[in-house]
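A short worksheet on the structure shown next.
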């Protein structure tokens, strides 16, 4: 890929594009919004597949169980959204994280991405949106180097570069080896950092109920699922809930910077001590540094009512 084409692929696409979503859909409540936003944005996004990513927290006893639960949650969302025709394009992902930076983890998802990348080119790339641990994507890159030539990766992962431990973010710290593969391989990469940038994208119970409650089955599920989760730890308090993952889909729809602002930076190096290091010889990535919260929520709510 030429430098000119590489930089072009780091710009918001202006035409309808093919997209694969890689999601830890059962990890919390935000992935469900991102999946729904993508499905309801068919004027711009042609969904080629959805991959289940592993996760490990208090909702799973292992990365495998997290991935399996995410797979089931994806299928549930497709039913609610009336997109059952896409169920055959949902793939189970990695059951473990990378053991090192050279060895991929076999999975349906990694195979799907690696094979699908062969149908694209740097001039007409496939867009891979990742909103969980990036194990599946890194494995696909290690399986097929053409992924880094023929694809663009948009990842919600890591914290802002100004934060003291930017690689301690949940998605990134689960699989630092995978993050190092993706940040180091030269694939066109768009990073949406969590703390310090995307954490501005939050909504309250009253806003969610006003815009979503009673509108349709999908909206009811998104609203009820989010309110129930937040009320489990903040009942009676003035809470807001960050809907992180929507912003990754939002970048693909960010014509004229209407939803967020970004810039080019040298690709950080995620370290195993949860810091970043930098090297002036590194390639550039696209880095989102500001979210226009109200504009993006307005478009999200409008999309969910379609």
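Rule-based calculations on the coordinates, nothing more; no lab input. Keep in mind that what you see is a predicted model, and the values were worked out from it rather than measured. FYI the Cβ positions are ideal-geometry reconstructions off the backbone, even for glycines, and counts take in every protein chain you see.
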Gaussian network model of the chain, springs between alpha carbon atoms under 10 Å - residue of 267, 235, 41 with greatest fluctuation: 235
By how many degrees, between 0 and 90 and to the nearest 10, does the Cα long axis of helix 293-304 differ from the longest principal axis of the chain? 70
Principal-axis tilt of helix 217-234 within the chain, Cα atoms, nearest 10 degrees: 90
First obtain the Kirkwood hydrodynamic radius of the chain from its Cα pairs, then insert it into the Stokes-Einstein equation at 4 °C and 1.567 mPa s, and state the resulting D in µm² per second as a whole number. 68
Treat segment 206-265 as a sphere of radius equal to its Kirkwood radius over Cα pairs and apply Stokes-Einstein at 37 °C in a medium of 0.692 mPa s; give the translational diffusion coefficient in µm²/s, rounded to a whole number. 240
For segment 12-146, what is the relative contact order in percent, using Cα pairs closer than 8 Å and at least 6 residues apart in sequence? 29
Please work out the Cα convex hull volume for segment 2-61 and give it in Å³ per residue. 113
Report the calculated FRET efficiency for residue 58 and residue 79 (r = Cβ-Cβ distance, R0 = 25 Å), to the nearest 0.05. 0.45
How far is helix 63-80 tilted, in degrees, relative to the longest principal axis of the Cα atoms in the chain, given as a value from 0 to 90 rounded to the nearest 10? 60
Could you give the length gained on full extension between residue 121 and residue 204, defined as 0.36 nm per residue of separation minus the Cα-Cα distance, in nm? 25.7 nm
Among 23, 135, which comes first, then next, by fewest other beta-carbon atoms within 10 Å? 23, 135
Segment 33-77: Cα Rg divided by the 2.2 N^0.38 Å rule of thumb: 1.33
Heads up, segment 2-130 by the C-alpha gyration tensor (a ≥ b ≥ c square roots of eigenvalues; a/c under 1.5 rounded, else a/b over b/c prolate, else oblate) looks oblate
Quick one: what do you get for segment 150-211 if you divide its Cα Rg by 2.2 N^0.38 Å? 1.37
The equivalent-ellipsoid semi-axes of segment 209-306, taken as the square roots of five times the Cα gyration tensor eigenvalues and listed largest first in whole Å, are 33, 19, 10
Could you tell me what percent of the DSSP beta bridges with both partners in the chain are antiparallel, to the nearest 5? 35
Please compute P(r) over all alpha-carbon pairs of segment 257-306, binned at 10 Å starting from zero, and give each bin as a whole-number percent. 22, 31, 25, 19, 4
One quarter of the convex hull surface, Cα atoms only: what value does that give for segment 55-197 in nm²? 9.2
Gyration tensor on Cα atoms of segment 105-155, a ≥ b ≥ c root eigenvalues, a/c under 1.5 rounded, else prolate if a/b beats b/c, else oblate, says oblate
Please compute, over every Cα-Cα pair in segment 176-241, the percentage with a separation greater than 20 angstrom. 51
Can you pull the one-decimal nm distance between simple spin-label points at residue 87 and residue 237, each 7 Å off the Cα toward Cβ? 3.9
